[in-house]
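What follows is one structure encoded as structure tokens, with my remarks underneath.
The values are calculated or read from the model by the stated rules, or taken from the named source; none is laboratory data. A quick note: this is a predicted structure, and the numbers were derived from the prediction, not measured. Counting neighbours? That spans all protein chains shown, and the Cβs are built from the backbone with ideal geometry, glycine included. SASA here: full protein model, heavy atoms, side chains in, ligands and nucleic acids out. Shrake-Rupley method; radii C 1.70, N 1.55, O 1.52, S 1.80 Å.
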Amino acid sequence: MSRMFARAAGGVLLTLAVILGVAVPAASAATPRRNGDLRAPSAVAPNTRVAFTGRFTTHVARPVRLEVSTAAGWRTVARGRTRPSGAFRVVAQVAAGSWRFRALAPAHRVSGRVLRALVTPTRAVTAPLPPSTSTPPTPPTTPPTTPTPPAPPTYPRASLTWVPNVQADEGFGRTTTSSPAMSADGRYVAFTASLNVRLDENTMCGSFGIFLWDRSAGTTTTVTRGADQNCLVGHETGDPSISADGRYVAYESTVRGLAPTGAATDPWNTKNHLVYVWDRDTGETTQIASLDDAHYYESSLHPAVSADGSHVAFLTSWSSRSDETQGWSVAVWTRSTGAIKIGPPAAPFGPPGYYAGWEWRPSISADGTMVAFTSTGNSLAGEDRHDMQDVYVWSTETGTVERAAGPVGPDGSAYNPVMTPDGRYVVFASDASNLDGTDGPFSWFEWDRVSQTVQRIPGGASTWSRPIIGYDGAAVSADGRFVVIASLGRDRYSLAVWNRDDDSLLRLGSPVDGRAPNGATGEPAISADGTLVAFSTRGDNLWPAEQSDDLTWPAVGVWTLGADPL
């Protein structure tokens, strides 16, 4: 891109294209261009909701995300939509600390054209804690002694095993692994691996692929192979989901050629994400269609396969083939027919509340009849909260939509739904203060759809630090008794399993010294009985010294809490 800007004429034309809202080449559309401004108070009280306003130089209404800079990179904290003039307003809660925010207008397709991504300069916002009002201590009469710093907390030492390094027998170099998905009995773990693949002396292939680890046999199998069995991994392949028996693995990819021809495919859709389903028994890969008689499915993300593999829920941006309507919605694909059913909010783009929360994976029941998802859509279940994200459960049979936590619902935003196979329990994260009578920061909750009760995780007077609001921050056992949660808090990075029966927490500790992970740890998955937890981590203190040479970070591990059924 820098070479393009070095050409004066090209720079002028590209600038003019952005100002007029016309399309730019797809290859450059995803790279954000510095544009517009972002305004907010420079100092606010901790944990208050703050309005961020600004304007992009564009004449087309388009989505906008508010992002905050963290140690792990830029993280989305709020969403909205610009007016045709480019003006926007989004609201987010600001925790205590000093933060840098920016507004991002992602690359956006309008009537077949791709508008380039835009990003504002950053805005610093500080939320200082109030000064202490306690009486100053009396100066000591004797020289003070240097206090001994408290030792870091320790937890029971974990029993861990690690995904094997995918290398010699597959022709791959060293890999990093992430995004685990676990079968019901814990035997199979699907995961994403970054690759450096040498096909022959002069040919390399990369750089992400999906693999399946059979913990019983001790083998790994390549999932992302094309119809001719050649390596066809790509830069945008990941987010695997696995059926209960480990037979089916669904994933998303921008790579073409992963499935045999035959699926209905939009010939113009050459670079967006598509969803694929791999069958372990036959080795065949099926592509979920990118068009049907009524719609184009321009980008499909975050697949969730049902326990029996008969259905796949995913998020999709769609447009009508008969008129100009388009939207972001949750959808369900049926294996037996190949049909796609669009769910709520099946509505045209338009401010506000125009899309399903596309950054969070939906969750599907075992038989594919219920789907939990995140959305900012208005009045999906009778309420009207324009700037709030909510968690909903959609019945694919009746079309009804139920808002999480009952008719009143949270008084704050809700994210990251994870549902038990029978559809009874839904775990989600929220900053609400009205769910269990306590007021706190972001927390995890479990909603019982039968009794219509909500329990904070952990419950009672216990407190928990702010959860990681991102992909797959929690996982739940088949009966809803055990919930594994990822959280960023006092211990820096934490992974813990909650037991609903006694409201207890078991935290992940290093097998060496019992200390909490010293690097980002999350993306949990749990076996049906709650005895096994898969996760990814950058915490190298979790790795035994004798294994350190065989692992690269991040790495996928399996934490055994009880007797390993294998």
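Here is a yes/no grid of residues against (1) at pLDDT below 80; (2) assigned to a strand (DSSP E or B); (3) touching a helix residue (DSSP H, G or I) at 6+ places or on another chain (Cβ under 6 Å); (4) crowded, with 22+ Cβ neighbours inside 10 Å:
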| residue | (1), (2), (3), (4) |
| --- | --- |
| 451 | no, no, no, no |
| 455 | no, yes, no, no |
| 459 | yes, no, no, no |
| 464 | yes, no, no, no |
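Within segment 52-72, work out how many residues are open to solvent by 40 Å² or more (accessible area, probe 1.4 Å) and at pLDDT 85 or above. First the steps, then the outcome.
Applying the first criterion (open to solvent by 40 Å² or more (accessible area, probe 1.4 Å)) to segment 52-72 yields 53, 55, 57, 59, 70-72.
From the residues that got through so far, the ones that are at pLDDT 85 or above too are 53, 55, 57, 70.
Residues in segment 52-72 being open to solvent by 40 Å² or more (accessible area, probe 1.4 Å) and at pLDDT 85 or above: 4 in total.
Does residue 473 satisfy the condition of being within 21 Å of residue 93 (Cα to Cα) and at pLDDT below 85?
yes
Between residues in segment 497-523 that are under 21 Å from residue 482 (Cα atoms) and residues that are part of a strand (DSSP E or B) and among the basic types (Lys, Arg), which pairs lie under 6 Å by C-beta distance while being six or more apart or on different chains?
Pairs found: 509/157.
Sort out which residues of segment 42-85 are among the aliphatic types (A, V, I, L, M), in a strand (DSSP E or B) and under 26 Å from the mean Cα position of the chain (by Cα), and write them in order of number.
The first filter runs over segment 42-85 and keeps only residues among the aliphatic types (A, V, I, L, M), leaving 43-45, 50-51, 60-61, 64, 66, 68, 71-72, 77-78.
Next, from what is left, pick out any that are in a strand (DSSP E or B): 43, 50-51, 64, 66, 68, 77-78.
Residues satisfying the conditions are 50, 51, 64, 66, 68, 77, 78.
So, of the residues in segment 75-104 that are closer than 17 Å to residue 33 by Cα and at pLDDT 90 or above, which turns out to be most open to solvent (accessible area, probe 1.4 Å)?
Across segment 75-104, the extreme among qualifying residues is 102.
Limited to segment 294-319, what total is found for residues that are more than 17 Å from residue 278 (Cα to Cα) and in contact with a strand residue (DSSP E or B) (Cβ under 6 Å, 6 or more places away or on another chain)?
Total satisfying the criteria: 10.
Tally time: how many residues in segment 408-419 are of a type in the set (Ser, Thr, Tyr) and crowded, with 24+ Cβ neighbours inside 10 Å?
Residues in segment 408-419 being of a type in the set (Ser, Thr, Tyr) and crowded, with 24+ Cβ neighbours inside 10 Å: 1 in total.
Name the residue that is modelled with the lowest pLDDT, counting only residues in segment 476-490 that are assigned to a loop (DSSP other than H, G, I, E, B) and surrounded by 19 or more Cβ atoms within 10 Å (Cβ to Cβ).
Among those residues, the one meeting the criterion is 488.
In this structure, does residue 422 turn out to be modelled with pLDDT of 80 or more, under 23 Å from the mean Cα position of the chain (by Cα) and surrounded by fewer than 22 Cβ atoms within 10 Å (Cβ to Cβ)?
yes
What are the residues in segment 522-540 that are open to solvent by 20 Å² or more (accessible area, probe 1.4 Å) and at pLDDT below 85, if any?
538, 540
What is the residue count in segment 390-407 for residues that are assigned to a loop (DSSP other than H, G, I, E, B) and open to solvent by less than 10 Å² (accessible area, probe 1.4 Å)?
If we filter segment 390-407 for residues that are assigned to a loop (DSSP other than H, G, I, E, B), which is where we start, we get 396-400, 404-407.
With open to solvent by less than 10 Å² (accessible area, probe 1.4 Å) added as a condition, the list becomes 404, 406.
Selection size over segment 390-407: 2.
Just need a number here: residues in segment 513-533 that are more than 16 Å from the chain's Cα centre (by Cα) and within 19 Å of residue 184 (Cα to Cα).
8
Collect the residues in segment 502-521 that are aliphatic (A, V, I, L, M), open to solvent by 20 Å² or more (accessible area, probe 1.4 Å) and not in a strand (DSSP E or B), keeping them in residue-number order.
Looking only at segment 502-521, we keep the residues that are aliphatic (A, V, I, L, M), and these are 505-506, 508, 512, 516, 520.
This time we only want the ones that are open to solvent by 20 Å² or more (accessible area, probe 1.4 Å), so: 505-506, 512, 520.
Result: 512, 520.
Are any residues in segment 105-128 open to solvent by 30 Å² or more (accessible area, probe 1.4 Å), part of a strand (DSSP E or B) and modelled with pLDDT of 85 or more, and if so, which ones?
Across segment 105-128, the qualifying residues are 123, 124, 126.
Name the pairs: first residue in segment 75-93 and on the phi > 0 side of the Ramachandran plot, second residue open to solvent by less than 10 Å² (accessible area, probe 1.4 Å), Cβ to Cβ under 7 Å, at least 6 apart or on different chains?
As it stands, the answer is 86/56; 86/58, since those pairs meet every condition given.
Considering each residue of segment 491-500, count those that are at pLDDT 85 or above and aromatic (Phe, Trp, Tyr), and give that number.
Residues flagged as at pLDDT 85 or above and aromatic (Phe, Trp, Tyr) within segment 491-500 amount to 1.
Among the residues of segment 149-168, which ones are open to solvent by less than 50 Å² (accessible area, probe 1.4 Å), in contact with an Asp or Glu (Cβ under 9 Å, 6 or more places away or on another chain) and modelled with pLDDT of 75 or more?
162, 164
Report, by residue number, each residue of segment 192-212 that is open to solvent by 20 Å² or more (accessible area, probe 1.4 Å), at pLDDT 65 or above and of a type outside the set (S, T, N, Q).
Correct list: 208 only.
Checking the structure you have, find out if any residue of segment 232-250 is farther than 20 Å from residue 418 by Cβ, open to solvent by 20 Å² or more (accessible area, probe 1.4 Å), at pLDDT 90 or above and assigned to a loop (DSSP other than H, G, I, E, B). Outline the logic, then answer.
Just the residues of segment 232-250 that are farther than 20 Å from residue 418 by Cβ, to begin with: 232-237, 247.
Adding the requirement that they be open to solvent by 20 Å² or more (accessible area, probe 1.4 Å) leaves 232, 235-236, 247.
Okay, now just the ones that are also at pLDDT 90 or above, so 247.
From what is left, the residues that are assigned to a loop (DSSP other than H, G, I, E, B) are 247.
Yes, because at least one residue in segment 232-250 is farther than 20 Å from residue 418 by Cβ, open to solvent by 20 Å² or more (accessible area, probe 1.4 Å), at pLDDT 90 or above and assigned to a loop (DSSP other than H, G, I, E, B).
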